[in-house]
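Novice: Sending over a structure as structure tokens; questions will come in a sec.
Every number here is computed from the coordinates shown, using simple stated rules; none is lab data. What you see is a predicted model, and the numbers here were worked out from it, not measured in a lab. All Cβ positions, glycine included, derive from the backbone under ideal geometry; neighbour counts span all protein chains shown.
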Amino acid sequence: MTRLLDYVRQRQKRAGAEEARVPEQGGHAGLVQSELAAELPDEDLGEELDDCLVLYEMGSKPRCEEVEFLELVQEAIDRIERGH
């Protein structure tokens, strides 16, 4: 559990320190978000995926679901930032 908390805290620090945000919706970013929404149909992801991590409340899901959710969102953010 500590590693997961450290992971979320690290993302929160990065999100606050960086000016660069996820690119505008559409194109590659829209495709990645659509794929993520299909994988997480019960989640309200919003337009900014970074917000999903920054605003996420630890312990609001069962641990296995929490880990999967956070990993999928982070992977999508990374894919958008890399452009593929």
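Novice: Using every pair of alpha-carbon atoms in the range 36-84, split the distances into 10 Å bins beginning at 0 and state the percent of pairs per bin, rounded to integers.
Specialist: Taking all Cα pairs of the range 36-84, the binned fractions are 24, 61, 14, 1 percent.
Novice: In nanometres, what is the gap between the two model label sites at D42 and R82, each 7 Å from Cα along Cα-to-Cβ?
Specialist: With each label placed 7 Å out from Cα toward Cβ, I get 2.9 nm.
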